[in-house]
Amino acid sequence: MSDTPDARSCSARESHDGASAPFTSIHYHYGMLLGVADFETEQAYHRGKMRLHNGWLHREGVVWGFDVHSDPAHGEIRVTRGLALDPLGRELHLDADACLNVVAWFNAHRQDEGFEFEQDAQGTIRFDAHVLLRFKTCLTRQVPALSGTCENASAATAYSRV
């Protein structure tokens, strides 16, 4: 499994997650030869139905968790674990609390175009910030691959989970 990186492969796009197609499903028949595209279509159908339901019936927003806390002693902003829905009905799930070191973030972004902040005579810095949730898919669980694609025919492993 040395041909595949150990780090999880993540993307903000849906390339690993497949398109959502709530109105196209597989019509199975006896003796049908199934390929990767067929399984992707099957999953996209169910995923699309779920997202259509979430997006139109429940709408975007926090289902539970995702509280935001300031921790001045450590210079951090903490977001608690939770579940939410984005505008497209995709589930946004955070397994564990996420923290951001505000001082490190500020130092990395203070020169960014359009970033505004105020500093008073005592050196206290103030700026507005927003915590946003964004959908991201991650590939994980490497398994042996019997054959690779034409682009990467030498790969001995492939990710088996999204």
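The values are calculated or read from the model by the stated rules, or taken from the named source; none is laboratory data. Computed from a predicted structure; not experimentally measured. Here the Cβ positions follow ideal geometry from the backbone for every residue, glycine too, while neighbour counts run over all protein chains shown. Each accessible area value is taken on the protein alone, full model and side chains, heavy atoms only, with ligands, DNA and RNA left out. Shrake-Rupley method; radii C 1.70, N 1.55, O 1.52, S 1.80 Å.
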(message) Criterion first (of a type outside the set (A, V, I, L, M) and either within 20 Å of VAL162 (Cβ to Cβ) or open to solvent by 90 Å² or more (accessible area, probe 1.4 Å) (or both)) does ARG78 satisfy it?
(response) no
(request) From the list ARG126, ARG161, ARG90, pick out the single residue that is more than 30 Å from THR24 (Cβ to Cβ) and among the basic types (Lys, Arg). (result) ARG126
(message) Going by what's in this entry, would ALA73 be described as assigned to a loop (DSSP other than H, G, I, E, B), under 21 Å from VAL162 (Cβ atoms) and either basic (Lys, Arg) or open to solvent by 50 Å² or more (accessible area, probe 1.4 Å) (or both)?
(response) no
(message) Quick check on my filter: what residues within the range 53-66 are part of a helix (DSSP H, G or I) and under 18 Å from the mean Cα position of the chain (by Cα)?
(response) ASN54, GLY55
(request) Considering (1) of a type in the set (A, V, I, L, M, F, W, C); (2) over 20 Å from the mean Cα position of the chain (by Cα); (3) modelled with pLDDT under 95; (4) open to solvent by 70 Å² or more (accessible area, probe 1.4 Å), say which one ALA37 fails and leave the rest. (result) (4)
(request) Being farther than 26 Å from ASP71 by Cα and under 22 Å from the mean Cα position of the chain (by Cα) is the filter; apply it to the range 90-135 and report the residue that is least open to solvent (accessible area, probe 1.4 Å). (result) ARG90
